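The values are calculated or read from the model by the stated rules, or taken from the named source; none is laboratory data. For clarity, every value in this text was computed on a predicted model and none was experimentally measured. Heads up, the Cβs are rebuilt from the backbone with ideal geometry, glycines too, and the neighbour counts pull from every protein chain shown. Surface areas here come from the heavy atoms of the whole protein model, side chains and all, with no ligands, DNA or RNA. Shrake-Rupley method; radii C 1.70, N 1.55, O 1.52, S 1.80 Å.
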Amino acid sequence: MNLPGQTRERENQLMSTLEEMLAGRPHLAKLTHLVTEAWPEHADYLEKSFDVRTPALLDTSDSVAEVVLRLAGDHAGQTAQDYRWLCDVIREEELNFARTDAYRYSTFAETNAHVYSDDEFMQRYMHGLLLSHVLWYMHASSLHFFLGRLAARVKPGGKMMEVGSGHGLLIYLALTRLGLEEAVAWDISPVSLDQTRAALDQLGMGERARYAIQDMHQIEAGSEQFDLIILSHLLEHLEAPVDALQKIRHAVAKGGYLFVNVPLNAPMPDHIQLLSDPDDAVKMLEDGGFRVLEIASHTTQAASLPRALKRKIAVTCSIIAEPR
Amino acid sequence: MTRSDIASKVVEIMEDVFDEDDIAYDDAMTAADIEEWDSLSNIRFVVAIEKEFDIRFSNSEIADLENVGQMVDLIASKQG
């Protein structure tokens, strides 16, 4: 069934609620304004998404919104449109998932043919996802965990590496907020790596980052090691995530950590590994040769975890691990 | 199946999907009347109905529905 459109009165009411809610958080307010201009009917979702956040999480969201707005730059309006388009894409995937209990594709050949090789699709997809880090409770909460929990563990001055860095947001946050000194970005796609480079240059971090075309399945013994390795929203795209983890464990320096974000029940056109319980994520890490030190489950719109699992509502699991 | 049988089944599904007890059926009921009825639970509602009645909706059929009464009529028409 279609959801009833908002009346003008309801829209005005939601806008003033959002304004009050986001007072003193100018970047979050600006991003929200941009998105509701492009998509007024989304105000209801955003009001719920912000209403369930603690003041500390709203502060994190505001600081991430500042970075996201800088990255979106002159294309902020188009980025908001792309976010709306992304949500439409996901709704289609959610419908397919509810009907079949499976993700649409299961091999890299399929996602490569239908998603990765489509440049226009990928560009809009990446833009949309950039905003999701602020606008979706699940993603904002996982970033809050990333900043809060890793700050307590990571030694300042170290070196990090992220595989599949995309828009470079986590690298930027690790360099500026976790006290890490140097970052390396790995990707198998030169186009994606160029995007990360452009993003980090734009954010003024270019001199502290290096870039390499590197397949994580092909790491050789004795290769460079890192104090922190990030695999954020990566494992669900791989055909053999356990094999990849077994390889990458050798690149974690002594006393270093692996940080993983991996979703449960999150149908997206390029997800091929369906996990449906946090235990599945823990098992994947353990089979890959890691010991899980901390795990947090961030549910869609802060639904209770049992309800989210029962209803197959998307959850992001954030995990801090070390090699066994 | 009579229209009121279909409506009763739809109410059972709504109570389950939207975690609400004792929903009083009304043809004019919409998402605005139920707290848990959002874009995501709407998808689960539609698919739960498809599974219960062994039917399939097209995207445009889903998009055109304005209230629960129209959903019940659509189910009845698909059941022939």
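Normalised by the number of residues in chain A, the mean separation of alpha-carbon contacts (under 8 Å, six or more apart) gives a relative contact order of 16 percent. Between B:LEU40, A:LEU228, A:LEU264, the Cα set farthest toward the positive side of the dipole of the protein assembly as shown (charges on each charged residue's Cβ, about the Cα centre) is that of A:LEU228. Comparing the full protein assembly with the isolated chain, the residues of the stretch B:27-43 losing at least 40 square angstrom of accessible surface (1.4 Å probe) are B:SER39, B:LEU40, B:ILE43.
For B:LYS78, the solvent-accessible surface with a 1.4 Å probe is about 80 Å², rounded to the nearest 10.
Solvent-accessible area assigned to carbon and sulfur over chain A amounts to 49 percent, based on a 1.4 Å probe. The residues of the stretch A:96-113 listed by number as losing at least 30 Å² of accessible area in the complex, against the isolated chain and with a 1.4 Å probe, are A:ALA98, A:ARG99. When A:MET268, B:MET71, B:MET1 are compared by accessible area of protein heavy atoms, the largest-first order is B:MET1, A:MET268, B:MET71, using a 1.4 Å probe.
Interface between chains B and A: roughly 2000 Å² of accessible area buried, both sides summed (probe 1.4 Å, protein heavy atoms only).
Probing with 1.4 Å while keeping every protein chain in the model, the per residue accessible area of the protein assembly as shown equals 44 Å².
Normalising by residue count, the stretch A:134-221 has a Cα convex hull of 115 Å³ per residue. When each pair of different Cα atoms in the stretch A:136-323 is counted once in the 1/r mean, what is the Kirkwood radius in angstroms, to one decimal? Kirkwood radius, the stretch A:136-323: 16.6 Å. For the stretch B:19-61, which whole percent of the accessible surface, found with a 1.4 angstrom probe, sits on carbon and sulfur atoms? Here carbon and sulfur together make up 40 percent of the probe-accessible area.
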